[in-house]
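The values are calculated or read from the model by the stated rules, or taken from the named source; none is laboratory data. In this text the structure is predicted, and so the values were computed from the model without any measurement. Please note: Cβ atoms are built from the backbone with ideal geometry, for glycine as well, and neighbour counts cover all protein chains shown.
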Amino acid sequence: MTAYDEIDSEAVWNRLDDAEHPIVNPVSAESVDRLLNRVPLAPGAHVLDVGCGLGAWVLRALELHPGTRGTGVDVSAAHVAKARAAADKRGLADRFDARVGDGTALPPGDPADLVLCMGLCDAFGGVRATLDRLRPHVRPDGHLLLGEPFWERPPDAAALAALGIGADKHTDLDGVVAAALDAGWAPVHGYVSTPGEWDGFVWACVRGLADWGFAEADPAARRNILRYMADYRDAWLQGYRGVLGFGTLLLRPVPAPLRVFTGRRPAWAAGPWTRD
Ligand SMILES: C[S@@+](CC[C@H](N)C(=O)[O-])C[C@H]1O[C@@H](n2cnc3c(N)ncnc32)[C@H](O)[C@@H]1O
């Protein structure tokens, strides 16, 4: 019998490819393409996807940038198995290496031309920790694509209860940008997911749970899965819809001597658009 509290994000997300939304974030396939096309990647370039989930981002990067090679790391063996199977199916297996591992404790190695970290800052202990820890894994002339939830508007009690977090868990979008600037990165492109992308993602999760609960589960487990499905849906509809946003920043590492130019002007300095 499956107890309600034995169903977790991994179980929900592992069904997303069946629900035709293998991106485990509120981002559409079109947006993934647009974002990945912003990154210049020559043949031979290496893409490292930290917390690769079902492999949607890294495999698409390999398709869009011929001759590149990719590595996906995820703590979930089930996700990594799916990412490998997808690579096989799409003829990318010879360019893709998938590993089960803790992305927050990557061993030192050759830095990558593009590091993807979509929806994993929580595991690192926040945005700033993520940016600091991933820096050695990005080439000095490389890019980091960082996706992170933020408060689209100040969360009310219903949103916080639905998410089971405090208001200090996230900042607004400017707070994410500020963390990147403080850590010595320059945002060179940004994208905020639309309400339609959020709906697409959450309904795909609900759909995966519905297929599991109605059609596949053993009858004894069915009611718990369906209860989970209903709570998942209502946490969204009655809780955090329109409150939690999701932003993706394309970041370049900035050498220390240049940070004074790419960071924000201090409050006492001349305003924007004024020459020093
Ligand atoms: C929100 S999902 C995003 C998956 C993928 N980046 C995407 O956008 O499709 C977060 C992923 O991070 C993985 N994860 C969580 N903690 C991790 C850790 N410490 N190391 C590696 N992966 C982790 C989860 O298993 C999950 O696949």
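When Gly125, Gly147 are checked against the criterion of being of a type outside the set (S, T, N, Q), surrounded by fewer than 16 Cβ atoms within 10 Å (Cβ to Cβ) and touching a helix residue (DSSP H, G or I) at 6+ places or on another chain (Cβ under 9 Å), a single residue qualifies: Gly125.
Note on the range 11-52: residues that are of a type in the set (Val, Ile, Thr), within 13 Å of the ligand (Cβ to nearest atom) and touching a strand residue (DSSP E or B) at 6+ places or on another chain (Cβ under 6 Å) amount to 2.
Filtering Ala112, Ala161 for residues that are out of contact with any Lys or Arg (no Cβ under 9 Å at 6 or more places or on another chain) and among the small types (Gly, Ala, Ser) leaves a single hit, Ala161.
Residue-by-condition table, conditions (1) crowded, with 21+ Cβ neighbours inside 10 Å; (2) free of Cβ contacts under 8 Å to residues at least 24 places away in the same chain:
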position	(1), (2)
Leu35	yes, no
Ala45	no, no
Gly51	yes, no
Trp57	yes, no
Ala61	yes, no
Ala77	no, yes
Arg90	no, no
Arg99	no, no
Gly103	yes, no
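Restricted to the range 144-251, the set of helices (runs of 4 or more DSSP H) holding at least 1 residues that are aromatic (Phe, Trp, Tyr) comprises 195-210, 219-235.
Trp185 fulfils the conditions (1) surrounded by fewer than 19 Cβ atoms within 10 Å (Cβ to Cβ); (2) at pLDDT 95 or above except for a single criterion, (1). If the condition is being over 20 Å from Asp33 (Cα atoms) and within 15 Å of the ligand (Cβ to nearest atom), then the range 86-114 contributes Asp97, Ala98, Arg99, Val100, Gly101, Asp102, Gly103, Thr104, Ala105, Leu106, Pro107.
Could you tell me whether Ser9 is among the polar types (S, T, N, Q), more than 18 Å from Leu144 (Cα to Cα) and modelled with pLDDT of 95 or more? When the stated conditions are applied, Ser9 does not pass them.
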